[in-house]
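The values are calculated or read from the model by the stated rules, or taken from the named source; none is laboratory data. Everything quoted here is computed from the prediction, not taken from an experiment. We place every Cβ from the backbone using ideal geometry, glycine too, and count neighbours over all the protein chains shown.
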């Protein structure tokens, strides 16, 4: 799966020692464009952290795999990024689409009204 957006936060690097050796994890948040932007948290593991070269406010496309697991009757979902690439063109296209808002004239006051309802 893929999603495009702007990196708005890079969380502190986490590391530790497991049964298979040392591990490193980096979480970051992107914000999508559009009329109703979403914030999404992804995580990178190991060497992918260095390869991604994350920078704040950078426009990126994230390729990821969603994965859920159960623990004590509750379910937890991770979005594991396996590639982060710069994506200026995709993000700019989404911003252009976002600006296409329909205006209707208010007949009584002859003023524009923005139709921004989600339905």
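I'd like to verify a number: residues in the range 8-44 that are part of a strand (DSSP E or B), in contact (Cβ under 8 Å) with a residue 24 or more places away in the chain and closer than 21 Å to residue 87 by Cα, how many?
Final tally of qualifying residues: 13.
Using beta carbons and a limit of 7 Å, which pairs, at least six apart or on different chains, have the first residue in the range 59-83 and touching a residue at least 40 places away in the same chain (Cβ under 8 Å) and on the phi > 0 side of the Ramachandran plot and the second one surrounded by fewer than 14 Cβ atoms within 10 Å (Cβ to Cβ) and in a strand (DSSP E or B)?
Every condition considered, no pair remains.
Tell me which residues, restricted to the range 29-85, are loosely packed, with under 10 Cβ neighbours inside 10 Å and out of contact with any strand residue (DSSP E or B) (no Cβ under 9 Å at 6 or more places or on another chain). Spell out how you get there, then give the answer.
Taking the range 29-85 as the starting set, the residues that turn out to be loosely packed, with under 10 Cβ neighbours inside 10 Å are 36, 47, 53, 57, 66, 68-77.
Those that are loosely packed, with under 10 Cβ neighbours inside 10 Å and out of contact with any strand residue (DSSP E or B) (no Cβ under 9 Å at 6 or more places or on another chain): 36, 71, 72, 73, 74.
Within the range 99-117, is there a residue that is loosely packed, with under 10 Cβ neighbours inside 10 Å and either within 13 Å of the chain's Cα centre (by Cα) or modelled with pLDDT of 95 or more (or both)?
no
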